[in-house]
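Asker: Let me give you the structure first, and then I'll get to my questions.
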Amino acid sequence: MISARRLHHLLLLGTAATGTPFAQAYAQAAPTPAPETQAAPDEGLATIVVTAQRRSESLQDVPVSITSVSGKALENSNFRSVTDLQYVVPGVQFDATNGAAFQIRGVGSTSFDYSNEKSVSLVVDDVVMDAQRDTGLTGLSDIQQIDVLMGPQGTLFGKNATSGVISVTTVKPVLGQFSAKGSASYGQREDRNATLTLNVPVGDTLALRVSGFDQGQEGYGRYTTLNQPLNAFKEYGYRAKLLFQPSDRIELTYLNDYEHHWDNFIRTSVSGALPAVTALQIANGVTPGPENDDDADSKMGRTQTATWGHSLRAQIKIGRDTLTSITAYRETKYIGDAPANLVPADKFAFLPYNQGTIHTRKISQELRWASPTGGFVEYLGGLFYNRLRNDSTQLQWATLGTPLVSSAGVPLTKFYTLTGAIGDPGNAARFKATNTSEAAFGQLKFNVTPRASLAFSGRYTHDDNSQAYTFFWIDPLPLTGVNATFTPTSAAPVQPFGEIKSDNFSYRIAGQYKLDRHVMLYATWSTGYKPGGPGFVGNNYSPYKDETVKSIEAGIKTELFDRRVRLNFDLFSSKFTNFQTSLVTFVPGNPLAVVAIGNAGGLRSRGAEATFAWRATDALTLSGGLTYTDARFTDYAYNATTNYAGTRLTNAPEWQGNISATYEREIGGNLRVRGNLDYAYRSKVWTVIGQPAYSEIPGYGIANGRISLSPTNRDFEFGVYGRNLFDTYYSAAFQQYSTLSLVHYIARDAHRTVGVFAKFGF
């Protein structure tokens, strides 16, 4: 029976029974930037141009379920990171815990391993962002548009992707035009965001575009013993693009970018700690509970990531065909420090030293040869090479309850090393992984009649994934202040190195038929693949198998009433084999649970997606989306006594949707008013496999809005904004952290933020 609360949320989305991502009407044609304005009076919705099939095409002509969000819509949403797409695009989720990766249609990377590939591929300006713990993009400044492609997409996008692709396109330089634009905002808890973009012509054939950002916010929670904000973040970075276009047949674009992220996002206590620990928490100003934002640890947890890279995109017209080359190098450095004590460590300590580092380097090369569109046969072929190297360390020194200082004031000198091995002098672990992927792909499309077409796509991939697991010594004195000794908790790995090689052929068949100019029916059958790899569970070498998927999708795309209404709808069903997921297990001698990667035999994701946009008046546009997803394990024998078959995937809501209203008109006095209001809802999810009651996050909705004024004859705008206007509290995840406590991860926007902003351009 539907609860009153759930019915309320569904009624709010009822007008979006056939919805799209909000502000879809404002998505602009790629790749050439255009002024971010409404369509002219008496015109219909703006055409959305996507490159889902590696050609510029109208979204309405592509036989794929795609959600496209323009840079203007992202600004209106007030969100700040690509991970916030989970609140903008129905059917997209982001798991900030084990996988630190996206999910689409409930399916994604739900575990973390140094050799594991991502199920959802994030592609920024044609470069795959595949480094572990790297979302590929932080600030959302100077974005042209983001296209989210649902379902397997490996046949045309760099790496294979079993769940989908998120393709981000940034604005490219404009020849012969100098322009500048910037923005600044400030709100509660020092919420701040500043951006600046310059487009500088250098002669007739060269142009430079540079965009920078700086943003952050103080957390709502507190480190009570340190008197510091908890869940604060700071980010800054830049992107520089240099365009060289000596003729209309040659275009070269060089890109260099750098992003830096810092946060003290950490788990906080909910319940279940020892009575003495709970008493210490309360004495230090922390009240455990499901809405607890505070922590009394005497050491701050933190995450710091720096990522940078270079890419060169060359596009050359040869006859009527086009040759495209994308060469890229990227590097990422990550530092994570996550002590787990909950209270001052001189009173009680559990895991006072818990640090990890990741350093990745990658190179990639992609070549594509494409015919023009419109002929009886359209063809595309390509080659792809990608090598990612990962050098990572882990340090876990535990006391398991003994405080760092005795009651007599004597510092503790003996620790358990959870990342050391019996008989090995090391007190920390090191993982070195290399993922190499080589592929050839192509597509043939037959335009059988002006209304009907049939496309065949294929991809052959060879993967070589290897990983080494060793130990080394870290001097404890700089970290602990004492010359500590260590007791290892497990034996050394029997096999410290593993290598897995895989070969796969994935394909896609897509048919489409136009009933008339504005109504298109389509159906697709596609397969996808994610390679297996070496893995280690404690001291055991435990490789995991390839993940594969077979998916069917059928839909309709329509534009009605002189293109003032856009309605798209599709049904989908995907069956995964050997889905790569989390295994929570205990290693003999190690008192803490180990989260490792393994395979669930079967998984099914099926449902329906609907999107709409309606230009109700020349000033008002409504849009939205609604997704129903049933994502469940069909075969997951966890051990001899536990089988998770029939349980839902983690972080996979059954219902997800949003609705948005955008308003713009002149009000007299040479002033224009702009307003945007959007509401996003998702039903309840579980964050631990098997759906234990303690891991349930109830359904919730978030409303954001902004309103502004601007002179009609100047490119200037000022106004107010609000995120989470109804102050709806929600958690990112729940976790039973060994015997220490039930903890949860705080969501960054789980509290209302209101502020002011200004924008300018010339």
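The values are calculated or read from the model by the stated rules, or taken from the named source; none is laboratory data. These numbers were taken from a predicted model, which means no experiment stands behind them. Cβ atoms come from the backbone with ideal geometry, glycine included; neighbour counts cover every protein chain shown.
Asker: Quickly run through the range 42-71 and pick out the residues that are in contact with a strand residue (DSSP E or B) (Cβ under 9 Å, 6 or more places away or on another chain), charged (D, E, K, R) and more than 18 Å from Val124 (Cβ to Cβ).
Answerer: Answer for the range 42-71, where residues must be in contact with a strand residue (DSSP E or B) (Cβ under 9 Å, 6 or more places away or on another chain), charged (D, E, K, R) and more than 18 Å from Val124 (Cβ to Cβ): Glu43, Arg55, Glu57, Asp61.
Asker: So which of Ser437, Ser453, Ser457, Ser466 is outside any loop (DSSP other than H, G, I, E, B), surrounded by fewer than 20 Cβ atoms within 10 Å (Cβ to Cβ) and in contact (Cβ under 8 Å) with a residue 40 or more places away in the chain?
Answerer: Of the residues listed, the single one that is outside any loop (DSSP other than H, G, I, E, B), surrounded by fewer than 20 Cβ atoms within 10 Å (Cβ to Cβ) and in contact (Cβ under 8 Å) with a residue 40 or more places away in the chain is Ser466.
Asker: Is it the case that the range 636-659 has a residue that's hydrophobic (A, V, I, L, M, F, W, C), over 23 Å from Thr162 (Cα atoms) and in a loop (DSSP other than H, G, I, E, B)? Write out each step before concluding.
Answerer: Residues of the range 636-659 that are hydrophobic (A, V, I, L, M, F, W, C), as a first pass: 637, 640, 645, 649, 652, 655, 659.
Checking the rest, the ones that are also over 23 Å from Thr162 (Cα atoms) come to 640, 659.
Still in the running and in a loop (DSSP other than H, G, I, E, B): 640.
Looking for residues that are hydrophobic (A, V, I, L, M, F, W, C), over 23 Å from Thr162 (Cα atoms) and in a loop (DSSP other than H, G, I, E, B), one finds at least one in the range 636-659, hence yes.
Asker: Among the residues of the range 466-481, count how many are over 16 Å from Asp424 (Cβ atoms) and among the β-branched types (Val, Ile, Thr).
Answerer: Summing the residues that are over 16 Å from Asp424 (Cβ atoms) and among the β-branched types (Val, Ile, Thr) in the range 466-481 gives 1.
Asker: Looking only at the range 622-642, count every residue that is within 18 Å of Leu567 (Cβ to Cβ) and either of a type in the set (A, V, I, L, M, F, W, C) or in contact with a Leu (Cβ under 8 Å, 6 or more places away or on another chain) (or both) and tell me the total. Write out each step before concluding.
Answerer: Narrowing the range 622-642 to residues within 18 Å of Leu567 (Cβ to Cβ): 622-628.
Among the residues that remain, those that are also either of a type in the set (A, V, I, L, M, F, W, C) or in contact with a Leu (Cβ under 8 Å, 6 or more places away or on another chain) (or both) are: 622, 624, 626.
Looking only at that region, the number is 3.
Asker: Right, something else. Give the range 721-746 a look and list any residue that's polar (S, T, N, Q), in contact with a strand residue (DSSP E or B) (Cβ under 9 Å, 6 or more places away or on another chain) and surrounded by fewer than 20 Cβ atoms within 10 Å (Cβ to Cβ), or say none.
Answerer: Result: Thr728, Gln736, Ser738.
Conditions tested, residue by residue: (1) over 29 Å from the mean Cα position of the chain (by Cα); (2) modelled with pLDDT under 95; (3) of a type outside the set (Val, Ile, Thr); (4) crowded, with 19+ Cβ neighbours inside 10 Å.
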{"site": "Leu175", "(1), (2), (3), (4)": "yes, no, yes, no"}
{"site": "Phe178", "(1), (2), (3), (4)": "yes, no, yes, no"}
{"site": "Arg189", "(1), (2), (3), (4)": "no, no, yes, no"}
{"site": "Leu255", "(1), (2), (3), (4)": "no, no, yes, yes"}
{"site": "Ile266", "(1), (2), (3), (4)": "no, yes, no, yes"}
{"site": "Ala279", "(1), (2), (3), (4)": "yes, no, yes, no"}
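Asker: Here's a follow-up. From the list Ser695, Ser660, which residue is touching a strand residue (DSSP E or B) at 6+ places or on another chain (Cβ under 9 Å), over 22 Å from His744 (Cβ atoms), of a type in the set (S, T, N, Q) and in contact (Cβ under 8 Å) with a residue 24 or more places away in the chain?
Answerer: On the way: Ser695 fails: over 22 Å from His744 (Cβ atoms).
That would be Ser660, the only listed residue that is touching a strand residue (DSSP E or B) at 6+ places or on another chain (Cβ under 9 Å), over 22 Å from His744 (Cβ atoms), of a type in the set (S, T, N, Q) and in contact (Cβ under 8 Å) with a residue 24 or more places away in the chain.
Asker: Mind listing whichever residues of the range 208-223 are of a type outside the set (Lys, Arg) and assigned to a strand (DSSP E or B)? Write out each step before concluding.
Answerer: To start, the set of residues in the range 208-223 that are of a type outside the set (Lys, Arg) comprises 208, 210-221, 223.
Leu208, Val210, Ser211, Gly212, Phe213, Asp214, Gln215, Gly216, Gln217, Gly221, Tyr223 - these are the residues of the range 208-223 that are of a type outside the set (Lys, Arg) and assigned to a strand (DSSP E or B).
Asker: Moving to a separate point now. Suppose we filter the range 376-421 for residues that are surrounded by fewer than 22 Cβ atoms within 10 Å (Cβ to Cβ), among the β-branched types (Val, Ile, Thr) and over 22 Å from Asp130 (Cβ atoms); how many remain?
Answerer: Residues flagged as surrounded by fewer than 22 Cβ atoms within 10 Å (Cβ to Cβ), among the β-branched types (Val, Ile, Thr) and over 22 Å from Asp130 (Cβ atoms) within the range 376-421 amount to 6.
Asker: Collect the residues in the range 53-66 that are assigned to a loop (DSSP other than H, G, I, E, B) and farther than 18 Å from Phe572 by Cα, keeping them in residue-number order.
Answerer: Across the range 53-66, the qualifying residues are Gln53, Arg54, Arg55, Ser56.
Asker: Among the candidates Thr287, Thr224, which residue alone is more than 28 Å from the chain's Cα centre (by Cα) and without any contact (Cβ under 8 Å) to a residue 24 or more places away in the chain?
Answerer: Working: Thr224 fails: without any contact (Cβ under 8 Å) to a residue 24 or more places away in the chain.
Criteria check complete, one pass: Thr287.
Asker: Exactly one condition in (1) crowded, with 19+ Cβ neighbours inside 10 Å; (2) out of contact with any helix residue (DSSP H, G or I) (no Cβ under 7 Å at 6 or more places or on another chain) is false for Met520; which is it?
Answerer: Answer for Met520: the failing condition is (2).
Asker: I've got another one for you. Which of (1) closer than 23 Å to Gly535 by Cβ; (2) under 35 Å from the mean Cα position of the chain (by Cα) is the odd one out, the single condition Ile422 does not satisfy?
Answerer: Unmet for Ile422, out of (1) closer than 23 Å to Gly535 by Cβ; (2) under 35 Å from the mean Cα position of the chain (by Cα): (2).
Asker: Return the pair list, or none, for Cβ contacts closer than 8 Å from residues in the range 69-94 that are touching a residue at least 40 places away in the same chain (Cβ under 8 Å) and part of a loop (DSSP other than H, G, I, E, B) to residues that are surrounded by 24 or more Cβ atoms within 10 Å (Cβ to Cβ) and acidic (Asp, Glu), at least 6 apart or on different chains.
Answerer: Correct list of pairs: Pro90/Glu609; Gly91/Glu609.
Asker: Between Leu383, Leu342, which is assigned to a loop (DSSP other than H, G, I, E, B), at pLDDT 95 or above and within 31 Å of the chain's Cα centre (by Cα)?
Answerer: Working: Leu383 fails: assigned to a loop (DSSP other than H, G, I, E, B).
Result: Leu342 is the single residue among Leu383, Leu342 that is assigned to a loop (DSSP other than H, G, I, E, B), at pLDDT 95 or above and within 31 Å of the chain's Cα centre (by Cα).
Asker: Return the only residue of Tyr745, Tyr663, Tyr681, Tyr721 being in a strand (DSSP E or B) and touching a helix residue (DSSP H, G or I) at 6+ places or on another chain (Cβ under 6 Å).
Answerer: Values: Tyr745 fails: touching a helix residue (DSSP H, G or I) at 6+ places or on another chain (Cβ under 6 Å); Tyr663 fails: touching a helix residue (DSSP H, G or I) at 6+ places or on another chain (Cβ under 6 Å); Tyr721 fails: touching a helix residue (DSSP H, G or I) at 6+ places or on another chain (Cβ under 6 Å).
Testing whether each residue is in a strand (DSSP E or B) and touching a helix residue (DSSP H, G or I) at 6+ places or on another chain (Cβ under 6 Å) leaves just Tyr681.
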